[in-house]
1. On the protein heavy atoms, probe 1.4 angstrom, tell me the percent of accessible surface of the range 122-233 carried by carbon and sulfur.
2. Please find the FRET efficiency linking MET176 to ASP199, where r is the Cβ-Cβ separation and R0 is fixed at 30 Å, and quote it to the nearest 0.05.
3. Using the Karplus curve 6.51 cos²θ - 1.76 cosθ + 1.60 with θ = phi - 60°, work out ³J(HN,Hα) for each residue of the range 24-32 in order, rounded to whole Hz, and write x for Gly and Pro.
4. Quick check for me: using +1 on Lys/Arg Cβ and -1 on Asp/Glu Cβ, what's the dipole size of the chain about its Cα centre, in debye to the nearest 20?
5. For the range 69-217, just say rounded, prolate or oblate: build the C-alpha gyration tensor, square-root its eigenvalues into a ≥ b ≥ c, call rounded for a/c under 1.5, and beyond that prolate if a/b exceeds b/c, oblate if not.
6. Could you work out how far apart the two model spin labels at SER104 and GLU151 are, taking each label as a point 7 Å from the Cα in the direction of the beta carbon, and quote it in nm?
7. Which value in deg cm²/dmol, rounded to the nearest 500, describes the helix-derived mean residue ellipticity at 222 nm for the chain, given -39,500 (n - 2.57) per DSSP H run of n ≥ 4 and division by the residue count?
8. Given the options PHE168, VAL146, SER104, identify the residue whose Cα lies farthest towards the positive end of the charge dipole of the range 74-233 (+1 on Cβ of Lys, Arg; -1 on Cβ of Asp, Glu).
Amino acid sequence: MRTIFAGNSICVNKIIVAIDGYSSCGKSTLAKALAKQLGYAYVDSGAMYRAVTLYLLRHGISPENPAAVAEALDHIAIHFERHAGGNRTFLNGEDVEEAIRDMSVSDWVSPVAAIPAVRRAMVKQQQAMGRRRGIVMDGRDIGTVVFPDAELKLFIIAETDERVRRRFLELQQRGMESSRETVRYNLLERDRIDSTRADSPLRQADDALVIDNTHLTPDEQLEKALEMVRQRV
Ligand code: DC
């Protein structure tokens, strides 16, 4: 298992910003904008779990067979590339940025992410990416497990109806067929699995600051987060 992030630069004042929260709460939107403003690297840790899930689905490996999943990890190489339109995720050299957003992947990613061998492999790669700091990473365990020493930890929340609305819109914009009911079910089911799994469940770190973005625009949310960064740097 190998993950490479090209183009991270070093600066003495750079910090780590860890962003966690439930599915489709706006973490990635904030993390991307924040990284751009700060000139930091952005890592979508969920994309890594999605890429592993895509590999398993394509190879007919059951997520309910942890031994087979652990063995498959040796054949999986994930890397990110920065493109004009944003980061793209690569699985064994193939651009899978669109494929990993498919509902079939969304349906299986939480059980896959609950497998300890998968988590160990991902966390190791994520920690390596943050070694030089200057990184914004979003996910479920970033402030609690991946970077417990992050200078700024944010926990993002938004009302469920609003999260469903955003996710449904996102899928529509990507041309992916789905119903609101399917989106709601998938979202709540992932929240349930992610927050109740035995290995590093999703939870708010004790020292995380909460942003409720239900009634905030992306710009308002970014401004709040930038103010928090300014207080830390
Ligand atoms: O952020 P996302 O919805 O693309 O993440 C997909 C899944 O990956 C999510 O349901 C749980 C898992 N995940 C995780 O367990 N730990 C992370 N740090 C990031 C994602």
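1. Ligands and nucleic acids excluded, carbon and sulfur reach 49 percent.
2. 0.50
3. Ordered by residue, 3J(HN,Hα) equals 6, 9, x, 4, 5, 4, 5, 4, 5 Hz.
4. With Lys and Arg at +1 and Asp and Glu at -1, about 560 debye.
5. Working: a/c = 1.35, a/b = 1.10, b/c = 1.24.
Verdict is rounded for the range 69-217.
6. So the two model labels end up 4.4 nm from each other.
7. -14000 deg cm²/dmol
8. VAL146
The values are calculated or read from the model by the stated rules, or taken from the named source; none is laboratory data. Predicted model, so just to flag it, every value in this text is computed and none were measured. With ideal geometry, Cβ positions are generated from the backbone for all residues, glycine too; neighbour counts draw on all protein chains shown. The area values use the complete protein model at the heavy-atom level, side chains included, leaving out ligands, DNA and RNA. Shrake-Rupley method; radii C 1.70, N 1.55, O 1.52, S 1.80 Å.
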